[in-house]
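Structure first, then comments.
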Amino acid sequence: MPASAVFARANTALITGGASGIGLALAKRCAAQGMRLAIGDVDPNTLSKAKADLSKDGADVETYAIDVSKQDQWEQLKGDVMKRFGSVELLVLNAGTAAKGSRWGEAEGFEKIMATNFFGVTNGINTFLPLLQQGTKQSAIVITGSKQGITNPPGNPAYNASKAAVKTLAEHLSYDLRADKRLSVHLLVPGWTFTGMSGGGPNSTRDKPAGAWAPEQVVDLLVQKMEQDKFYVICPDNDVDEKTDKKRMLWSVGDVLNERPPLSRWRDEFKDEAREWMEKQQV
């Protein structure tokens, strides 16, 4: 049975960061399949709007205000969700922040980003994994990462480090659960997507940039890859295609293998070499 079998009528999806962007797009996809929805988010206003939007189409939905960095709030969420729905078959750990401020010498920005992006994921796994393992239905855990946790571009070291840690965590979780054919793990890695982090969101008046994907496109690819039982869901966008992503990842690994300085693709002395290499590389 493919991992996508989790999108079944009467199954419950718990989605953090589910009141907008990719999380909300996935919630709508789940609702269209007849799933029940537990939506967690830190913003009560977007939660209220999301519940109204989903409910008007007949979805069985409940919303929960949660700061995913707080373990005690996860424990409260577990009790509330289990009382309301009785089980969770799809756990989507999507909440995150791309806040700037992770400048060297300033601890607060690093702590805030790691608390949300990394510990928000570990808290969710540690709280709900035992419940998913006790279930009897096909279940799945989807964890939202970032290409910045793989190719590591300069500019926000705390965010990149948090998403690199999430990638490692998801890989280990998948390996540790490899014998459980009923429970799958998937790392969702969006490309440039028009969400609240990139100027979109429920209150935005901007048009989607031509180069960005809509959140619904990310969800479409996620479902497609889950149908194929894939762990990695590396999303392109309208500016960067799949081949370019792969070339960038290969070059980044080459920094280690070829003993180049780190982040060489952005260094003046390597920019031309990197560009010429990627033009010739076949993937």
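Okay, here's what the table says:
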item: Top-ranked residue of the stretch 171-181 - restricted to ones that are surrounded by 17 or more Cβ atoms within 10 Å (Cβ to Cβ) and of a type outside the set (Gly, Ala, Ser), ranked as nearest to the chain's Cα centre (by Cα); result: 173
item: Residue match in the stretch 228-239 (condition: surrounded by 12 or more Cβ atoms within 10 Å (Cβ to Cβ), part of a helix (DSSP H, G or I), at pLDDT 95 or above and touching a strand residue (DSSP E or B) at 6+ places or on another chain (Cβ under 8 Å)); result: no
item: Tabulated pairs, the stretch 164-178, first basic (Lys, Arg), second modelled with pLDDT of 95 or more, C-beta under 7 angstrom, 6+ apart or interchain; result: 167/145; 167/149; 167/150; 167/187
item: Number of positions in the stretch 22-68 that are assigned to a helix (DSSP H, G or I) and either of a type in the set (Phe, Trp, Tyr) or closer than 20 Å to residue 193 by Cα (or both); result: 11
item: Residue in the stretch 98-107 that is in the same structural domain as residue 155 (by TED's automatic domain parsing) and assigned to a helix (DSSP H, G or I) present; result: yes
item: Condition met for residue 134 (free of Cβ contacts under 8 Å to residues at least 40 places away in the same chain, within 22 Å of residue 36 (Cα to Cα) and not assigned by TED's automatic domain parsing to the domain that holds residue 261); result: yes
item: Every pair of residues 6+ apart whose Cβ atoms lie under 9 Å, when the first sits in the stretch 94-116 and is modelled with pLDDT of 95 or more while the second is acidic (Asp, Glu) and crowded, with 18+ Cβ neighbours inside 10 Å; result: 95/41
item: Number of the exception - residue 168 against (1) within 18 Å of residue 232 (Cβ to Cβ); (2) crowded, with 17+ Cβ neighbours inside 10 Å; (3) hydroxyl-bearing (Ser, Thr, Tyr); result: (2)
item: Residue 197 vs. criteria part of a helix (DSSP H, G or I), at pLDDT below 95 and of a type outside the set (Val, Ile, Thr); result: yes
item: Residue list for the stretch 140-169, restricted to those being in contact with a Gly (Cβ under 7 Å, 6 or more places away or on another chain) and assigned to a helix (DSSP H, G or I); result: 147, 158, 160, 163, 164, 166, 167
item: Residue in the stretch 124-139 that is farther than 18 Å from residue 28 by Cα and in a strand (DSSP E or B) present; result: yes
item: Selected residue (only one of 22, 15, 66 is more than 17 Å from residue 216 (Cα to Cα), surrounded by 15 or more Cβ atoms within 10 Å (Cβ to Cβ) and touching a residue at least 12 places away in the same chain (Cβ under 8 Å)); result: 66
item: Matching residues, the stretch 104-126, being surrounded by fewer than 17 Cβ atoms within 10 Å (Cβ to Cβ) and touching a Phe, Trp or Tyr at 6+ places or on another chain (Cβ under 9 Å); result: 126
item: Test: residue in the stretch 7-18 that is in a helix (DSSP H, G or I) and of a type outside the set (Asp, Glu); result: no
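The values are calculated or read from the model by the stated rules, or taken from the named source; none is laboratory data. No experiment lies behind these values; they were computed from the predicted model shown. A quick note on method: Cβ atoms are made from the backbone with ideal geometry, for glycine too, and the neighbour counts reach across all protein chains shown.
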